[in-house]
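Below: the structure, in structure tokens.
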Amino acid sequence: MFASIASTALIGVESRHVQVEVHAGQSSQSSFSIVGLPDTAVREARERVLSALASSGYRVPDRRITVNLSPADLPKAGSAYDLPIALGTLVAMGQVEPHAARVVALGELGLNGEVRAVRGGLGAAVVARRLGLPCLLAPDAAGEARRVNGSEVRGAGDLREAVAVALGLAEGAAVAPLPTPAGGSGPDLTEVRGQLVARRALEVAAAGGHHLMLFGPPGAGKTMLAAAMPSILPPLSDEEALEVALVWAAAGLMRNGSVTAPFRSPHHTATVAALVGGGSGLPTPGEVSVAHRGVLFMDELGEVPRRLLEALRQPIEDGHVTIARRGHTVQFPSRFQLVAATNPCPCGFKGDRLVGCHCTAAAQDRYRGRFSGPLLDRLDLRVRVERLDLAAMTGPPGEPSAEVRRRVVAARTIQLERGAMNRRLTGRQLDDQPFTSAARRLLTGAVDRLRLTGRGWDRVRRVARTIADLEGCQQIDDSAVAEALVYRAEP
């Protein structure tokens with residue numbers, strides 16, 4: 001007899017439909033083989049499935065069982081195919097009704113028949129919605145899979161319950177409710193004393209989705225400011241939360257909690273593959289993709305090898321990373337906000353009002369040479385963070401993140417009504433923005449004075465548009481342009 005049951009494979013962040021075909025043939029000797037480019041974990045499903053069947057009270061197959069994972073040219077990895085193989089085997093052996101195969105199933109089986117959570121539950125729900133079938137998962141994975149609107153997700157704690165749910169005889173195990181989306185986490189801005197210019201730059205960056213560089217002496221508060229960025233970002237929409245969850249699932253970082261805007265801070269000794277993605281076998285997403293829809297914080301930027309900094313240029317510009325391997329190409333999203341922090345020189349005290357810099361000119365040039373012109377040009381805001389004086393350190397706390405977030409949300413709402421966040425406005429769209437005559441004069445005069453490139457010209461205009469949105473102004477006046485030009489400091 002023959003049975004076919006749907007399952008999934010996660011290739012990058014794309015959910016691919018995998019059909020698990022099981023054939024029970026006549027043979028003088030029983031056998032159990034799995035074909036279709038399985039890895040070691042998939043081939044070992046034979047032992048887990050046979051033990052789970054016996055432990056659950058089903059008859060162990062005494063015939064020749066052949067399992068084909070289709071499409072056969074797609075690599076299959078992990079233990080996620082245990083549950084569909086077991087269900088398909090039971091149907092092929094005639095031990096359960098054929099309509100038990102009308103589900104999309106994913107899960108690892110314990111030797112006692114327990115159904116355990118695996119990576120890919122979100123992808124299984126996406127495929128199930130596409131096929132119009134219910135999705136059968138372990139209870140832990142089923143809760144997270146309910147992020148996929150329009151999918152019918154059911155949980156099963158063991159193989160017998162899975163069979164009952166597939167046959168429509170049981171509702172399935174209780175599934176935890178999906179958490180309510182929340183705003184970003186991180187330190188509250190009330191913890192940041194003084195630094196009015198840097199706080200304002202942080203707000204402008206959050207409102208328009210702009211990339212930001214903070215530079216200044218050690219201890220000025222650069223890292224704390226960057227860590228506070230998620231606290232002023234608006235909650236993710238359902239669609240954005242699903243995008244983030246799929247990337248986390250591909251990276252093996254999925255959790256059942258509320259999905260918030262990510263904050264990733266890779267160490268400056270990270271490899272290129274860790275930063276942009278890769279690895280042996282099927283590529284996995286790197287930090288630029290795990291930070292999708294959130295913040296990528298690069299601390300000690302002056303210590304980051306130049307090859308890593310140059311690797312950021314393409315994800316910043318394109319919003320995605322494409323990784324090619326023999327036989328397949330994977331694309332990961334990478335629409336993140338880059339927040340960089342660095343000292344202005346190797347000793348960190350160049351321009352400091354109290355401590356003199358003792359770096360040689362050659363050392364400063366080498367340090368500054370790590371930041372290539374093309375990379376700096378992609379940073380919309382570059383702000384110096386000065387050493388705090390006693391009055392600022394002992395003064396009242398600053399404005400809380402909730403108040404700043406309210407203005408950020410209002411500004412983003414204006415942008416979405418126009419059709420795109422300001423960070424992604426094209427040159428033609430910027431040409432159509434209503435600049436006042438005074439603002440245009442100030443802009444044109446700044447081209448030679450600040451040596452703006454074409455990319456820098458557009459970035460100043462985007463930042464000015466965001467500043468006007470924060471003020472609730474339709475027109476972009478000279479004060480918005482002047483403030484945008486202030487954020488073009490050189491480290």
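Any chance you could list the semi-axes, whole Å, largest first, of the equivalent ellipsoid that the Cα gyration tensor gives for the stretch 277-325, using √(5λ)?
Working from the Cα gyration tensor, I get semi-axes of 19, 13, 11 Å.
Roughly how many debye, to the nearest 20, is the charge dipole of the stretch 189-424 about its Cα centre, given +1 on each Lys and Arg Cβ, -1 on each Asp and Glu Cβ, and no other charges?
Approximately 340 debye in magnitude.
Which listed residue (Val127, Thr360, Ser265) has the Cα farthest towards the positive end of the charge dipole for the chain, taking +1 on Lys and Arg C-beta and -1 on Asp and Glu C-beta about the Cα centre?
Thr360
Determine the dipole magnitude for the chain: charges of +1 sit on the beta-carbon of Lys and Arg, -1 on that of Asp and Glu, nothing else is charged, the reference point is the Cα centre, and the result goes in debye to the nearest 20.
1020 debye
Regarding the stretch 417-478, what whole-number volume in Å³ per residue does the convex hull of its Cα atoms give?
Looking at the stretch 417-478, the number lands at 79 Å³ per residue.
Considering only Ser151, Leu50, Thr426, whose Cα is most displaced toward the positive end of the charge dipole of the chain, charges sitting on Cβ of Lys, Arg (+1) and Asp, Glu (-1)?
Sorting the options by dipole projection puts first Thr426.
Going from the alpha-carbon gyration tensor of the stretch 2-166, what semi-axes, largest first and in whole Å, does one get by taking the root of 5 times each eigenvalue?
23, 17, 14
For the chain, with the dipole built from +1 on Lys and Arg beta-carbon atoms and -1 on Asp and Glu ones, taken about the Cα centre, which of Ile11, Ala41, Val288 lies farthest toward the positive end?
It is Val288, whose Cα lies furthest towards the positive end.
Taking a ≥ b ≥ c as the square roots of the eigenvalues of the Cα gyration tensor of the stretch 68-179, is the shape rounded (a/c under 1.5), prolate (a/b larger than b/c) or oblate?
Since a/c stays below 1.5, the shape of the stretch 68-179 is classed as rounded.
Looking at the stretch 111-175, I'd like the Rg to Rh ratio, where Rg is from alpha-carbon atoms and Rh is Kirkwood's inverse mean 1/r.
0.95
Tell me the Kirkwood hydrodynamic radius of the stretch 187-325 in angstroms, computed as one over the mean inverse distance between distinct C-alpha pairs.
That comes to 16.2 Å for the stretch 187-325.
Going by the alpha-carbon gyration tensor, a ≥ b ≥ c the square roots of its eigenvalues, is the stretch 189-424 rounded (a/c under 1.5) or, if a/c is not under 1.5, prolate (a/b greater than b/c) versus oblate?
oblate
If you take every DSSP beta bridge whose two residues both sit in the chain, what share of them, in percent to the nearest 5, is antiparallel?
Around 50 percent of the beta bridges assigned by DSSP in the chain are antiparallel ones.
Please report Rg over Rh for the stretch 269-366, where both radii come from the alpha carbon positions and Rh follows the Kirkwood definition.
With Rg and the Kirkwood Rh in hand, the quotient comes to 1.11.
Suppose we keep just the DSSP beta bridges with both residues in the stretch 189-424; what percent of those would be antiparallel, to 5?
Given both bridge residues lie in the stretch 189-424, the antiparallel proportion sits at roughly 35 percent.
Counting every Cα pair in the chain, what percent are over 37 Å apart?
It works out to 40 percent of all Cα pairs.
Once you list every other residue whose beta carbon is under 12 Å from the beta carbon of Val148, what net charge do they have if Lys and Arg are +1 and Asp and Glu are -1?
-1
What does the helix-only formula give at 222 nm for the chain: each DSSP H stretch with n ≥ 4 adding -39500 (n - 2.57), the total divided by the residues, and the result rounded to the nearest 500 deg cm²/dmol?
-10500 deg cm²/dmol
What shape does the stretch 92-136 have by the C-alpha gyration tensor, where a ≥ b ≥ c are the square roots of the eigenvalues, rounded means a/c under 1.5, and otherwise prolate means a/b greater than b/c and oblate the rest?
Here the stretch 92-136 falls in the oblate category.
Read-outs throughout are calculated quantities, based only on the coordinates presented, and are distinct from any laboratory measurement. What you are looking at is a predicted structure, and each value in this text was computed from that prediction instead of being measured. All Cβ positions, even for glycine, are placed from backbone atoms using ideal geometry, and neighbour counts span all protein chains on display.
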